[in-house]
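K.L.:
This structure is in C-alpha cells; I'll ask about it shortly.
The values are calculated or read from the model by the stated rules, or taken from the named source; none is laboratory data. Everything quoted here is computed from the prediction, not taken from an experiment. All Cβ positions, even for glycine, are placed from backbone atoms using ideal geometry, and neighbour counts span all protein chains on display.
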Amino acid sequence: MRSPAESVVAASAREERAPSIIVDVMIALDAAAEAMAAKRIDLGALARDIRSWGRALGFAQVGIADIELSAEEARLLAWLGEGRHGEMHYMARHGARRARPAELVPGTIRVITTRLDYLPPRAKPAAKVLADGDRAYLALAARSGLGWQGKHTLLLSRDAGSWFFLGEIYTDLPLPVTRAAREHCGSCHACIDACPTGAIVAPYQLDARRCISYLTIELRGSIPEALRPLIGNRVYGCDDCQLVCPWNKYAQPSPEPDFAVRHGLDDARLVELFGWSEKEFEARTEGSAIRRISYECWLRNLAVGLGNAPYSKLTVAALRQRADDPSPLVREHVAWALEEQERRRAAR
Ligand code: B12
Ligand code: SF4
Ligand code: SF4
C-alpha cells in the first residue's frame, strides 16, 4: 500500500506538476508527527511552515481554526428546517455533521483553511455583458481569519474582496489558531439591494431556492416561471452580490492559469451558445465546472436567457430550431421563451 506521501506524489505526477514542494510538505508533516509522538514539537513553528507551504502551493492565504461551531450549527439547522436548501438533498443528508468536523473525520481538533483567488485576468467587464441582453453572462464559481461572512453570506476580506474559493484540511494536530477577522459590512446593504431575485431575504440569510446560482447550476428540473424574467442573461451562476460589494475593488486577478477565460465565454452571444451541439458542449467545457450541469440544463438556461433577450428574428429562429428538442425540459423552456419573444414583438 502507498504511503500518503507516495499517493500525493503519484497524483501530482499524473497532473504533470512538479511534485517537489508536495514531497517536502509530506516529509515535514511526517517529521512533525514523529516529533509530536516524542513530545518535542514546536507547534508555532509548524503553523508558520504550513502557511509558507500553502503560499508555495499557490494559495493566497492560509488560516487555522478550532472546531467550536455550535452557534453556526443552530443556524444551519434552522436554514435546513425552513427548506432553504431546495433540492440540494446532500445538505440535509449531511445535517449537523457539517458543523461537527470530528464526526466527519474522527480525531479532528483543528481545520486548516485556504483561500484560492479566482478572478480571471483580462475578462470582459461584467457590467457590460450583463447590460447586453443578447449576450450570455457566466459567473466567474471567519473564523480562521481568512475574512468575515458578509451579508450576502460569502466570506470576504479587506485585502481580497470575495472572489476566491475556500478549501479545508482537517487535522488532529493542536495547532495555534489564527485570530478571527473583524466584520466590515457596517451599514452597507448593497448586495441585498442588488440581488435580482431577492434571494438574500435578510442580512446573512440566503434562500437558495431563489438564488440564480442554485436555479442555473444546482436545480435539475424546471425553473419556476415567476423567477425566469428576473434571471436576465445569467446562464451559469450569478455574481451580482459580489459585483456591487465595495470590498471587491481590492480583489486581485488570479495568477492561476486554470481560471483564465476559455472559448470567449466572457463575451459570447446567447444564440451562438444555443447552437452548440452536445459534442461541442462536451469539447468546449472540458475541464470546466460548467460541464457538470449537463447539456440539457445548459440548453434550459440558454432558453431562459433568449426568452429575456430583446426581440429579434434571429433569436426566434434559434428557439424554433429547438422547439421539438427530445428533452421535455428543454421544450418547455423553449416554448416559454418563444411566448416571451412574441410578447415583446407585439409590444413594439
Ligand atoms: C450550498 C452552497 C451554495 C448554495 C447555497 C449558498 C449559501 N449561501 O448557503 C448556492 C447554490 C445558492 C450557492 C451559490 C453560490 N456559491 Co456556494 N456553496 C455552497 C456550499 C456547498 C455550502 C454552503 C452552506 O453550508 N450553506 C448553508 C448555509 C446555512 O450556510 P451559510 O449561509 O453560510 O449560513 C450561515 C450564515 O447565514 C450565518 N448567519 C446567520 N445569521 C447570521 C447573523 C450574523 C450576524 C452572522 C455573522 C452570521 C449569520 O450562520 C449560518 C450558519 O453558519 C459551499 C461549500 C461548502 N462545502 O461549504 C459553497 C460556497 C459557499 N459557494 C461559493 C461560491 C463561490 C458561490 C457563488 C458565488 C457561485 C456563483 N458565482 O454562482 C454563489 C454565491 C451565492 C451567495 N450569495 O451565497 C464559495 C464561497 C467562497 C467565499 N468567498 O465565501 C463556497 C465556499 C465554495 C468554495 N469551496 O469555495 N452555493
Ligand atoms: S448570486 Fe445572484 S441571485 Fe444569488 S444571492 Fe447573489 S445576487 Fe442574489
Ligand atoms: S455589499 Fe456591503 S453588505 Fe454586502 S457583503 Fe459587501 S460590504 Fe457587506
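K.L.:
So for region 269-282 (the condition being touching a Pro at 6+ places or on another chain (Cβ under 6 Å) and away from ligand 2 (no atom under 16 Å from the Cβ)), does at least one residue qualify?
P.N.:
Taking every residue of region 269-282 in turn, none turns out to be touching a Pro at 6+ places or on another chain (Cβ under 6 Å) and away from ligand 2 (no atom under 16 Å from the Cβ).
K.L.:
Restricting the search to region 288-316, which residues are among the polar types (S, T, N, Q), surrounded by fewer than 22 Cβ atoms within 10 Å (Cβ to Cβ) and closer than 14 Å to V271 by Cβ?
P.N.:
Answer for region 288-316, where residues must be among the polar types (S, T, N, Q), surrounded by fewer than 22 Cβ atoms within 10 Å (Cβ to Cβ) and closer than 14 Å to V271 by Cβ: N308, S312.
K.L.:
In region 243-286, which residues are in contact with a Leu (Cβ under 7 Å, 6 or more places away or on another chain) and within 16 Å of ligand 3 (Cβ to nearest atom)?
P.N.:
C245, W247, A251
K.L.:
Here is a check on your reading of the model: is L119 within 16 Å of ligand 2 (Cβ to nearest atom), under 22 Å from F59 (Cβ atoms) and touching a Phe, Trp or Tyr at 6+ places or on another chain (Cβ under 7 Å)?
P.N.:
Taking the combined requirement at face value, the residue satisfies it.
K.L.:
May I pose another question? Return only the number of the condition from (1) more than 13 Å from ligand 1 (Cβ to nearest atom); (2) on the phi > 0 side of the Ramachandran plot that G198 does not satisfy.
P.N.:
(1)
K.L.:
Please determine whether any residue of region 282-289 is under 26 Å from G150 (Cβ atoms) and under 21 Å from the mean Cα position of the chain (by Cα).
P.N.:
Looking through region 282-289, at least one residue is under 26 Å from G150 (Cβ atoms) and under 21 Å from the mean Cα position of the chain (by Cα).
K.L.:
Look through G83, G63 and report the one residue that is crowded, with 16+ Cβ neighbours inside 10 Å and outside any helix (DSSP H, G or I).
P.N.:
The unique qualifying residue is G63.
K.L.:
Here's a follow-up. May I ask you to list the residues in region 193-205 that are within 6 Å of ligand 2 (Cβ to nearest atom) and in a strand (DSSP E or B)?
P.N.:
I200
K.L.:
Surrounded by fewer than 21 Cβ atoms within 10 Å (Cβ to Cβ), within 29 Å of G305 (Cβ to Cβ) and away from ligand 3 (no atom under 13 Å from the Cβ): which single residue out of L130, L138 fits that description?
P.N.:
Going through L130, L138 in turn, just one is surrounded by fewer than 21 Cβ atoms within 10 Å (Cβ to Cβ), within 29 Å of G305 (Cβ to Cβ) and away from ligand 3 (no atom under 13 Å from the Cβ): L130.
K.L.:
With the condition kept exactly as written, say whether any residue in region 254-269 is buried (at least 16 other Cβ atoms within 10 Å of the Cβ), within 14 Å of L138 (Cα to Cα) and more than 22 Å from the chain's Cα centre (by Cα).
P.N.:
Within region 254-269, one or more residues are buried (at least 16 other Cβ atoms within 10 Å of the Cβ), within 14 Å of L138 (Cα to Cα) and more than 22 Å from the chain's Cα centre (by Cα).
K.L.:
Within region 168-220, count every residue that is under 16 Å from L155 (Cα atoms) and either within 9 Å of ligand 3 (Cβ to nearest atom) or modelled with pLDDT of 95 or more (or both).
P.N.:
14
A quick yes/no check of all residues on (1) surrounded by fewer than 14 Cβ atoms within 10 Å (Cβ to Cβ); (2) more than 9 Å from ligand 1 (Cβ to nearest atom); (3) assigned to a loop (DSSP other than H, G, I, E, B); (4) of a type outside the set (F, W, Y):
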position: L175; (1), (2), (3), (4): no, yes, yes, yes
position: H184; (1), (2), (3), (4): no, yes, yes, yes
position: T216; (1), (2), (3), (4): no, no, no, yes
position: G221; (1), (2), (3), (4): yes, yes, yes, yes
position: L227; (1), (2), (3), (4): no, yes, no, yes
